[in-house]
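Quick notes on the structure that follows.
The values are calculated or read from the model by the stated rules, or taken from the named source; none is laboratory data. Everything numeric in this text was worked out from a predicted model, so none of it was measured. Cβ placement follows ideal geometry from the backbone for every residue including glycine, while neighbour counts extend to all protein chains displayed. Accessible surface is based on the protein model in full, side chains and every heavy atom, while ligands, DNA and RNA are left aside. Shrake-Rupley method; radii C 1.70, N 1.55, O 1.52, S 1.80 Å.
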Amino acid sequence: MIGFPLIQSPLGLPHFLLLGLFLFSLGLYGLLTTRNSLRFLMAFQLLLLAAVLCFTAFSDFLGPATFNGQAMAVLSCLGAIAFLLFFARGNIADFLGRGE
Amino acid sequence: MVFLFWLSALCLGAGALGTIFFPRIKGAVLFFVLALLGGCSAAIYLHAPLVSLSILLWALCAFLLLRRPALPDGSDIPERRYWGGLMSFLFFIVSYRVLIGSTWGQIDRSASYLLQDFSGRSFFLEALRTLWGNQFWPLALLVAATLFGFLRKEQKE
């Protein structure tokens with residue numbers, strides 16, 4: 001299969017995996033390179049978004065009868081929201097001792 | 001509905017790139033919200049309304065970051081490479097396990113390019129062809145992106 005099979009083929013699981021991979025790579029790159037605490041948090045949340053996307057895609061394409069993947073995705077979203085709210089109040093930046 | 005996927009992919013890609021590379025931090029927050037909205041529409045495409053609502057709530061909460069004063073860059077975290085390496089390793093292990101257990105991983109690849117005769121041909125071209133033909137190239141891309149991040153970090157130091 002030489003060429004661009006993802007563009008030619010109908011939408012499937014590999015498309016979403018590729019999207020998740022792109023998000024994960026960018027988030028990891030941001031985690032490794034940035035020194036700004038806010039951008040650090042957003043890079044981390046991009047990793048979580050990639051995980052949520054892959055959970056949902058696996059749930060839809062491989063196991064549509066069960067909602068395990070979707071439940072994990074919702075839990076990940078709620079965890080990310082809690083982390084974000086905690087950060088917005090300033091606690092995590094103080095905890096890490098960064099950006100001060 | 002296919003249009004919805006490409007729209008969400010565009011939003012996700014542009015939003016993620018802007019989040020990491022946009023110079024002004026307030027703009028980066030807005031790009032982050034754009035990426036979350038892209039994720040929301042991708043979840044709609046995947047028939048997951050609860051997930052889509054959760055991501056929408058996540059995007060609304062991300063607006064709170066705009067109210068936070070922009071902080072100057074802090075000091076580097078010395079253990080960053082350790083955590084980055086650990087996360088990459090865990091990602092490889094988990095994704096390998098999930099893919100092998102899925103229907104995608106159970107495709108018969110016994111007639112793969114690896115079993116063909118490579119004599120007289122370029123090794124690197126054949127290696128690329130093997131990676132591409134066996135659909136392992138997303139993994140190769142991840143390795144390349146991670147290496148690129150590490151090398152860039154080394155150059156900055």
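The residue that is modelled with the lowest pLDDT, counting only those in the stretch A:50-69 that are farther than 22 Å from residue A:27 by Cα and in a helix (DSSP H, G or I), is A:68. I'd like the residue in the stretch A:15-50 that is more than 7 Å from every other protein chain (Cβ to nearest Cβ) and open to solvent by 40 Å² or more (accessible area, probe 1.4 Å) and, out of all such residues, is nearest to residue B:53 (Cα to Cα). Top of the filtered list is A:48.
Taking the stretch B:41-64 as the range and being out of contact with any Cys (no Cβ under 6 Å at 6 or more places or on another chain), within 10 Å of chain A (Cβ to nearest Cβ) and within 16 Å of residue A:20 (Cβ to Cβ) as the test, the residues that pass are B:42, B:43, B:45, B:46, B:48, B:51. Taken over the stretch B:26-39, the criterion of being facing chain A (nearest Cβ under 10 Å) and either among the hydroxyl-bearing types (Ser, Thr, Tyr) or under 20 Å from residue A:54 (Cβ atoms) (or both) is satisfied by B:32, B:35, B:36, B:38, B:39.
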